[in-house]
Amino acid sequence: MFQFRITKKDKKSRARMGVLRTPHGAVHTPAFVPVGTKAALRGISFDRAKQYGGEMFMVNTYHLFHNERYKIIGKFGGLHAYAKIDAPLMTDSGGFQVFSLGFGSEHGVGKIADIFPVSAKAPAGRPSEKITEYRGNNFVKIDDTGATFKNPVNGQMLWLTPKKSIEIQQILGADIIFSFDECTSPLSSYEYTKKALKRTHTWAEVSLKTFYGNKHPAAAALWRGKQAMLGIVQGGEYEDLRKESAQAISSLSFFGYAIGGSLGKSKNDMYRILDLTIPLLDEKKIKHLLGIGEVDDIFESVERGIDLFDCVAPTRWARHGSVLTSKGRINIRNKQFLIDKKPLDIHCACTVCKTYSRAYISHLYREKEVYAIMLMTEHNVAWMLDLMRRIRLSLKAGEFQKFKKQTLQGFQ
RNA sequence: CCAGGGGUGCCGGAGCGGUCAAUCGGGCUUGGCUGUAAACCAAGUGGCCCUGUGCCUACGUGGGUUCAAAUCCUACCCCCUGGA
C-alpha cells in the first residue's frame, strides 16, 4: 500500500519527481506539506487546501498528547475520521518540542540561527559560548529515556518516550509517522550534539521496534501496512556527525528519511548539510526536510534531492500579515497597501487574488478582522502549493534550473 | 447659584515641587517570523542640529511663588457628579 517511486530525475542535479502512494491517496513530489499542528491548518480548511493542490498535511503528536486528546481521537478511529480529513497525513513525533519548548524558547533561536559565534556582544539571555550540557528548563526535561514536558495549562508532568510517541502516532493513524528524535539547537556544542545524536539513534531503534511490535520485523511488511515511518537524521551543523547520523539512520529499516535538527548558522550551512547528508541516504527512498519552507530554500533543497517539505511559514506569515508574491514577501499592514487596488499577487490565480484588493485585505487586517487572516492564509497556502506544482512541471520539462532562476530573480 | 471632582502627548490614562520630553495601555510607523507556547515578538513614535549629562517648544488659558512647577497659589474658560 505504501510506495515511493521516482518518475523523473533532473540531469544536472539531484532533483527528482516522484509519487508517494499511501492508503489515503497519492502525493506528487517534490511536495509541500502544510502544517496543522493541532489537527487544523489555522485559517483554512483541509478541504480548501486540498482544492489548491495540497496532497498531504502534517499534525503534531505533542500537541495531541499533552492534553490526552489522542485518546479521544483514538475512539474516533484516528485523525482522518476525527478531523474529517480526506488526504494523506503525517504526524511529527514530538521531538521538535524538546527543542522549541526547551532550548529554542530559552535562547530565542530557531533551526537556523545567525547569531553565532557569540562573544561579549551576546544578546541578553543568550549563552556566550555553545551549550555543552543541556537537561532542560521549566517546560521540558530531557534525558536518555525521553522527554518530560510540563503541561503549560495545568502544570502536570508528562513523560514522552520514543515508545510512547510511536504508540500515540499509531493511535492517531497518520499515513506517515516520524521516529522520536531530539532536535538540537544551533547553539549546541559538538559534544552535546553528538550526545543527542546517540540518543536519537537509540530512540530510532526503539521507535522501529515499537512500530513493528510483534508483527514482521521486515521493512517490506511495514510498507504494506497502514502506516510508514521516516527516520530522522540529526547531527546539527557538524559534518562528521551528520555523516554518522545518515549512516546510522539509513542502516535501519525506515520507509524513508527526514533531515532534522539544527541547520547551522545560515542558509549556506543548511545547503552544505544537505550536500553532505543526502548522498549517504538510499537514493530510491523518499526524503523529507523537516520544517523548511522559504521559497529559496525549497529550490536549493529540491536541487539537492529533497522530496517533501513541511513548514509553518505560509500559515504563520499570513497571521502576521506577511504575504507571498512573485516579487517577494510583502506585509499587508504597510501603509502603501491601504490604497492598493491590485490583488495580493498579480500573478496568482487563487480565489482571493481573483476577488479582493490589497486595500481591502489591508483594511481588514488593520481592523483585526479574522477574515483578513483567512484570506491571507488561503492565498499563502495556495501560492506555495502552486509553486510546488510549477517546480514539478519544470522538472518534467527538464527546465528546473530555468524556473528556479526565473522565480528567484523576481523574488526579493 | 451652592458643594465636590477634573482638564496631561493621536486616544485612554499615570505622575502631584527637581532624577519629566513625561510610567503604562491603545493607535500609528517599521522590522522579524523556517518539524507552531507565535492572529505573535521587537524597535521607534514633540521639533531641531555639529547626535550631546545639546538646544527649543510642551502637561486648558493668563498671571504669580520658587534656584527649580505637569506638580504649589491665583484669576478665567471648559467638562463631570450631587444639591437647590
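The values are calculated or read from the model by the stated rules, or taken from the named source; none is laboratory data. Since the model is a prediction, treat every value here as computed from it, not as a measurement. Neighbour counts run over all protein chains shown; Cβ positions are idealised from the backbone, glycine included.
Which residues, counting only those in region A:49-81, are of a type in the set (Val, Ile, Thr) and part of a helix (DSSP H, G or I)? Full working, then the answer.
Just the residues of region A:49-81 that are of a type in the set (Val, Ile, Thr), to begin with: A:59, A:61, A:72-73.
Scanning region A:49-81 gives A:61, A:72, A:73.
Suppose the filter is within 15 Å of RNA strand B (Cβ to nearest atom), in the same structural domain as residue A:192 (by TED's automatic domain parsing) and touching a residue at least 12 places away in the same chain (Cβ under 8 Å); does residue A:273 pass it? Steps first, answer last, please.
Numbers: within 15 Å of RNA strand B (Cβ to nearest atom): yes; in the same structural domain as residue A:192 (by TED's automatic domain parsing): yes; touching a residue at least 12 places away in the same chain (Cβ under 8 Å): yes.
Answer is yes for this residue.
Of all residues in region A:354-372, which are among the β-branched types (Val, Ile, Thr) and closer than 12 Å to residue A:333 by Cα?
Initially, region A:354-372 is screened for residues among the β-branched types (Val, Ile, Thr), giving A:355, A:361, A:370.
Matches in region A:354-372: A:361 only.
Tally the residues that are buried (at least 24 other Cβ atoms within 10 Å of the Cβ) and away from RNA strand B (no atom under 11 Å from the Cβ), restricting the search to region A:32-48.
Here the count works out to 1.
Quick one: count up the residues across region A:303-317 that are in contact with a Leu (Cβ under 8 Å, 6 or more places away or on another chain) and either closer than 28 Å to residue A:359 by Cα or more than 8 Å from RNA strand B (Cβ to nearest atom) (or both). Break it down into steps so the answer makes sense when it comes.
Taking region A:303-317 and keeping what is in contact with a Leu (Cβ under 8 Å, 6 or more places away or on another chain), we get A:304-310, A:314-315, A:317.
Those left that are additionally either closer than 28 Å to residue A:359 by Cα or more than 8 Å from RNA strand B (Cβ to nearest atom) (or both): A:304-309, A:314-315, A:317.
Total meeting the criteria: 9.
Return the only residue of A:281, A:338 being touching a residue at least 40 places away in the same chain (Cβ under 8 Å), more than 25 Å from residue A:54 (Cα to Cα) and either within 15 Å of RNA strand B (Cβ to nearest atom) or over 15 Å from the mean Cα position of the chain (by Cα) (or both).
Details: A:338 fails: touching a residue at least 40 places away in the same chain (Cβ under 8 Å).
Only one candidate passes the filter, namely A:281.
Mind checking whether some residue in region A:30-48 is over 23 Å from residue A:319 (Cα atoms) and either part of a loop (DSSP other than H, G, I, E, B) or touching a Gly at 6+ places or on another chain (Cβ under 6 Å) (or both)? Outline the logic, then answer.
Initial filter on region A:30-48 (over 23 Å from residue A:319 (Cα atoms)): A:30.
After this cut, where a residue has to be either part of a loop (DSSP other than H, G, I, E, B) or touching a Gly at 6+ places or on another chain (Cβ under 6 Å) (or both) as well, the list is A:30.
Yes, there is a match, as at least one residue in region A:30-48 is over 23 Å from residue A:319 (Cα atoms) and either part of a loop (DSSP other than H, G, I, E, B) or touching a Gly at 6+ places or on another chain (Cβ under 6 Å) (or both).
Quick test of your reading of the structure: residue A:315 fulfils all but one of (1) touching a Phe, Trp or Tyr at 6+ places or on another chain (Cβ under 9 Å); (2) in contact (Cβ under 8 Å) with a residue 60 or more places away in the chain. Name the failing condition by number.
Of everything listed in (1) touching a Phe, Trp or Tyr at 6+ places or on another chain (Cβ under 9 Å); (2) in contact (Cβ under 8 Å) with a residue 60 or more places away in the chain, residue A:315 misses just condition (1).
For region A:137-163, which positions are touching a residue at least 60 places away in the same chain (Cβ under 8 Å), under 29 Å from residue A:226 (Cα atoms) and surrounded by fewer than 19 Cβ atoms within 10 Å (Cβ to Cβ)?
A:158
Does residue A:93 fit the bill of being surrounded by 15 or more Cβ atoms within 10 Å (Cβ to Cβ) and either modelled with pLDDT of 95 or more or away from RNA strand B (no atom under 13 Å from the Cβ) (or both)? Let's see the steps before the verdict.
Values: surrounded by 15 or more Cβ atoms within 10 Å (Cβ to Cβ): yes; either modelled with pLDDT of 95 or more or away from RNA strand B (no atom under 13 Å from the Cβ) (or both): yes.
Answer is yes for this residue.
Can you find, within region A:318-334, the residue that is nearest to RNA strand B (Cβ to nearest atom) among those that are in a loop (DSSP other than H, G, I, E, B) and surrounded by 19 or more Cβ atoms within 10 Å (Cβ to Cβ)? It would help to see each step written out before you state the result.
Going through region A:318-334, the residues in a loop (DSSP other than H, G, I, E, B) turn out to be A:320-321, A:327, A:332-334.
Imposing the further condition that a residue be surrounded by 19 or more Cβ atoms within 10 Å (Cβ to Cβ) reduces the set to A:321, A:332.
Working: A:321: 6, A:332: 10 Å.
So the residue we want is A:321.
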